[in-house]
Amino acid sequence: MESAHDEGTVTVFSAPDPDKGTYATQTTVSYGTPVTVPDGPAKGLVIGAEVTRP
């Protein structure tokens, strides 16, 4: 059986820390799954399946 990672994923990085040059939050979903930005200026923005599909 294939896992979601075998089929592809989309990752949203948010909550940047400019002093460290990293992101505090990383949200990963399978292709075709809507994802909501969890924090930062775009908090609550839903990136729909039309963007996250392969």
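Subtracting the Cα-Cα distance of ALA24 and LEU45 from 0.36 nm times their residue separation leaves 5.8 nm of extension gain.
Just to be sure I understand, if you calculate Cα extents along the principal axes in Å for this structure, which of [x] 41, 21, 13; [y] 29, 21, 19; [z] 32, 19, 17 do you get? Working out Cα extents along the principal axes in Å from the coordinates points to [x].
For the chain, which whole percent of the accessible surface, found with a 1.4 angstrom probe, sits on carbon and sulfur atoms? List each step's numbers first, then the result.
Values: 2120 of 3970 Å².
It is 53 percent, rounded to a whole number.
The values are calculated or read from the model by the stated rules, or taken from the named source; none is laboratory data. Every value quoted in this text rests on a predicted model; they were computed, and no experiment measured them. For the accessible areas, the whole protein counts, side chains as well, though only heavy atoms, and no ligand, DNA or RNA atoms are used. Shrake-Rupley method; radii C 1.70, N 1.55, O 1.52, S 1.80 Å.
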